[in-house]
Amino acid sequence: MPDYDVSAALDTDYYGVFADIPAADRAAWDRARGFVDEALPDMNGYWDRAEYPVHLVKRMGELNLLTDGIEVPGLEPMSPLAAGLVNMEISRGDGSLGTVVAVQGGLALRSIAFHGSDAQKERWLGPLARGEELGAFALTEPDHGSDSVSLETTARFEGGHWVLDGEKKWIGNGASGGVTVVWARDEEGNVRGFLVEQDTTGYEAEVIEGKGSLRAIHQARIRLDGVRIPAENLLPGAKTFKDTSRVLVATRLGVAWSALGHATAAYEAALSYATQRLQFGKPLAKFQLVQDRLSQMLAELTSMQLHCVHLARLDAAGLMRPTQASMAKYHNTRKARFIASTARDLLGGNGILLENHVIRHLADIESIHTYEGTESVQALLIGRDVTGVGAFV
């Protein structure tokens, strides 16, 4: 048994940001909370062993937690606020599970919902949303991360089939079985999306080992060597990189919610620890320096909540601009790093023990700070928006 109980959710909401959320959104949050209560006791073990608990993907699908706000026939739809709350809550439990939602729903499911044919939607939306099939989104390449628009994977049309060649890296679910949305450049130089089932000849994927972050989900390095797929596996609505970006922008706000979940877990662990840990004859919570640190963390956490909730409402009204999502991601992952680092320090040596969760969140935040566009890329997007001058090249 751990020496300190720092796992309990405290529902931190100093400004009452979540006080008036609709009942349907609250119900989605409650489903996510119930799932976290089920999964959390085992997540430190999965993380420590770098083991991907694929059965939990199916469980999230059973609870309708994977759609990320995408409407899927037969499933109750989630508003942008509900989708954000689910993302936040699952990430409060574990970042690898939060990344499952980002990959499965935010990227793979959304790509098909936005750009797929009716037949593709009928085949894949339900199984992906229910966690019956795993989905991957293969954009990033070994030599193209922040400059993913420069991707080198190619697609040529030959004998009634598309033939794909190239490499991809950091692809969640890319070696776990299922379907991969592969982004490649066609013979006219346009970036197109293709559905590639992972047992297709020429599709080779290996799990990336040695990660110090998001250890309980597998990312893959993929090699595409003359992969032949039927013509109907082309996503007809994805015709340029702007269509790819439309998917990325929609998921960027989800990363801000995920950062909020991580930060909430770290802050609440620090607060619980401060009330339980005795030093110099009294609880840490009675020391002025500790109260100052808790106040700093709470102030930053509250600002993160305001960013997320306000943008969810703009998104629901169809008013959210892409750079506003960039601002939320830029702000929230930066603040999550600060909160988790402060919490780790406040817990002292106990802060590096997995049983107290903070070190796992601290490490996992490093990944979400990078994916869906690094801090520098978000800053340049915002900077171009406010100055009217691009500074990418």
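The values are calculated or read from the model by the stated rules, or taken from the named source; none is laboratory data. These numbers come from a predicted model, not from an experiment. Ideal geometry is used to build each Cβ from the backbone, glycine not excepted, and the neighbour counts take in all protein chains shown. Calculation scope for accessible area: heavy atoms of the full protein, side chains included, ligands and nucleic acids excluded. Shrake-Rupley method; radii C 1.70, N 1.55, O 1.52, S 1.80 Å.
Some observations on this one:
- The requirement of being of a type outside the set (Lys, Arg), open to solvent by less than 50 Å² (accessible area, probe 1.4 Å) and outside any helix (DSSP H, G or I) is not satisfied by residue 248.
- Evaluation of residue 44 against the conditions (1) farther than 22 Å from residue 355 by Cβ; (2) open to solvent by less than 30 Å² (accessible area, probe 1.4 Å); (3) under 21 Å from the mean Cα position of the chain (by Cα) shows that the sole unmet condition is (1).
- Against the numbered list (1) open to solvent by 60 Å² or more (accessible area, probe 1.4 Å); (2) at pLDDT below 95, residue 19 comes up short only at (2).
Conditions tested, residue by residue: (1) at pLDDT 95 or above; (2) within 23 Å of residue 120 (Cα to Cα).
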{"site": "147", "(1), (2)": "no, no"}
{"site": "162", "(1), (2)": "yes, yes"}
{"site": "215", "(1), (2)": "yes, no"}
{"site": "218", "(1), (2)": "yes, no"}
{"site": "249", "(1), (2)": "no, yes"}
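- Test: residue 260 is within 16 Å of the chain's Cα centre (by Cα) and open to solvent by 10 Å² or more (accessible area, probe 1.4 Å): no
- Checking residue 236 against (1) in a helix (DSSP H, G or I); (2) open to solvent by 20 Å² or more (accessible area, probe 1.4 Å), the condition it does not meet: (1)
- Search result, residues across region 58-73 that are part of a loop (DSSP other than H, G, I, E, B) and among the acidic types (Asp, Glu): 68, 71
- Any hit, region 277-291, residues being open to solvent by 10 Å² or more (accessible area, probe 1.4 Å), polar (S, T, N, Q) and part of a helix (DSSP H, G or I): yes
- Looking across region 158-175, the residues that are open to solvent by 10 Å² or more (accessible area, probe 1.4 Å) and part of a strand (DSSP E or B) come down to 158, 161, 162, 165, 166, 167, 169, 170.
- Within region 184-206, the residues that satisfy the criterion of being closer than 18 Å to residue 134 by Cβ and surrounded by 15 or more Cβ atoms within 10 Å (Cβ to Cβ) are 193, 194, 195, 196, 198, 200, 203, 204, 205.
- Across region 301-320, the number of residues qualifying as open to solvent by 50 Å² or more (accessible area, probe 1.4 Å) and touching a helix residue (DSSP H, G or I) at 6+ places or on another chain (Cβ under 8 Å) comes to 4.
- Test: residue in region 84-93 that is among the polar types (S, T, N, Q) and surrounded by fewer than 21 Cβ atoms within 10 Å (Cβ to Cβ): no
- Residues in region 33-55 include none that are in a loop (DSSP other than H, G, I, E, B), over 24 Å from residue 307 (Cβ atoms) and without any contact (Cβ under 8 Å) to a residue 40 or more places away in the chain.
- Taking the listed residues 182, 196, the one that is touching a helix residue (DSSP H, G or I) at 6+ places or on another chain (Cβ under 8 Å) and either in a loop (DSSP other than H, G, I, E, B) or under 26 Å from residue 53 (Cα atoms) (or both) is 196, with no other qualifying.
- Subset of region 321-357 that is open to solvent by 40 Å² or more (accessible area, probe 1.4 Å) and outside any helix (DSSP H, G or I) - its residue that is farthest from residue 12 (Cα to Cα): 321
- When residues in region 131-157 are screened for being open to solvent by 70 Å² or more (accessible area, probe 1.4 Å), without any contact (Cβ under 8 Å) to a residue 60 or more places away in the chain and farther than 17 Å from residue 242 by Cα, 2 of them pass.
- Answer residue from region 362-393, given it is closer than 10 Å to residue 326 by Cα and charged (D, E, K, R) and is least open to solvent (accessible area, probe 1.4 Å) among those: 372
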